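The values are calculated or read from the model by the stated rules, or taken from the named source; none is laboratory data. All values derive from a computational prediction rather than experimental measurement. Note: ideal-geometry Cβ built from the backbone for every residue, glycine included; neighbour counts use all protein chains shown. Keep in mind that these areas ignore ligands, DNA and RNA; they rest on the heavy atoms of the full protein, side chains included. Shrake-Rupley method; radii C 1.70, N 1.55, O 1.52, S 1.80 Å.
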Amino acid sequence: MHMPKSIQGTLIKRYKRFLADVKLDDGSVITAHCPNTGRMTTCAEPGWRVVLSDSENPKRKYRYTWELVHNGTCWICVNTGRANAMAFEAVSKGWISELSGYAEVLREQKFGRSRFDLLLKTGDDLCYVEVKNVTLLADDGCYAFPDAVTERGRKHLHELIEVVKTGHRAAMLFVIPRSDGTGFRAAHEIDPAYADALYTAAEKGVEIYAWQAEVSPESIRLVKPVLNSL
């Protein structure tokens, strides 16, 4: 998956959740849109290199969007919308063997009161997949989700359990767009309720997958599974 036209600079600060001030390499300072509603712990330190995509739309209030940040070790994709695109590409191309073999891969499909990111189907054989973007690197060196309390995330887990009860497959796919960790787990220290819900979902038959992405200013794609502790 190729990245859009971009420019680079240095992060000054991220604030009000959706905004980031960046000093570009030409010395100018601009405010970019930040498409990440989480706390962005371990991926938003002032002074780090950043990559911004250019909408090339002068009428947009914030023309540039924050895409990547470099922590001195690796590039990290902070645009959460890219996770769904990476997941769709990987599943459609059969890179994730556990989710391959379906005739159709559909995006944004409803079940009950939720809308899941992917629906894999061959006739009446269905598999609903919810995708989550993981940017937090915990103190123990593991990638962890979430980085903030998420009631919406718990709702999705409950709905995935309902999918399993109907006789269909259901899966959580955690997309990890960084390469400096050692494994994946629930962030029980941040949202114990979500961690409990994730463990329960796994016990009830919801499949849990965590995949790491290869990230660069030129392209991003899922490349390998990450061992998870569930």
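Assorted remarks:
- Hey, GLU159 among the acidic types (Asp, Glu), at pLDDT 95 or above and assigned to a helix (DSSP H, G or I) or not: yes
- Hits in region 87-132 (condition: surrounded by 13 or more Cβ atoms within 10 Å (Cβ to Cβ), in contact with a Gly (Cβ under 9 Å, 6 or more places away or on another chain) and assigned to a loop (DSSP other than H, G, I, E, B)): SER100
- In region 162-182, the residue that is surrounded by the most Cβ atoms within 10 Å (Cβ to Cβ) out of those that are without any contact (Cβ under 8 Å) to a residue 60 or more places away in the chain and basic (Lys, Arg) is ARG169.
- Residue, least open to solvent (accessible area, probe 1.4 Å), within region 183-221, restricted to residues that are closer than 24 Å to CYS43 by Cα and of a type in the set (D, E, K, R): ASP191
- All conditions but one from (1) over 28 Å from LEU52 (Cβ atoms); (2) part of a loop (DSSP other than H, G, I, E, B); (3) among the aliphatic types (A, V, I, L, M) apply to ALA193; the one that does not is (2).
- Residue pairs whose Cβ atoms lie under 8 Å apart, sitting 6 or more positions apart in sequence or on different chains, and linking a residue in region 105-132 that is at positive phi to a partner that is part of a strand (DSSP E or B), are GLU108/ARG115; GLU108/PHE116; GLU108/ASP117.
- Leading residue by the ranking (most open to solvent (accessible area, probe 1.4 Å)) among those in region 137-148 that are out of contact with any Phe, Trp or Tyr (no Cβ under 7 Å at 6 or more places or on another chain) and over 25 Å from SER97 (Cα atoms): ASP139
- Which numbered condition GLU151 fails, given (1) of a type outside the set (Lys, Arg); (2) under 17 Å from GLY38 (Cβ atoms); (3) without any contact (Cβ under 8 Å) to a residue 40 or more places away in the chain; (4) crowded, with 20+ Cβ neighbours inside 10 Å: (4)
- Subset of region 155-181 [polar (S, T, N, Q) and out of contact with any Asp or Glu (no Cβ under 8 Å at 6 or more places or on another chain)]: THR166
- Considering the conditions (1) over 26 Å from PHE111 (Cα atoms); (2) touching a Leu at 6+ places or on another chain (Cβ under 7 Å); (3) not in a strand (DSSP E or B), TYR199 is excluded by exactly one of them, (1).
- For region 48-77, filtering for residues that are of a type in the set (Asp, Glu) and touching a Phe, Trp or Tyr at 6+ places or on another chain (Cβ under 7 Å) leaves 1.
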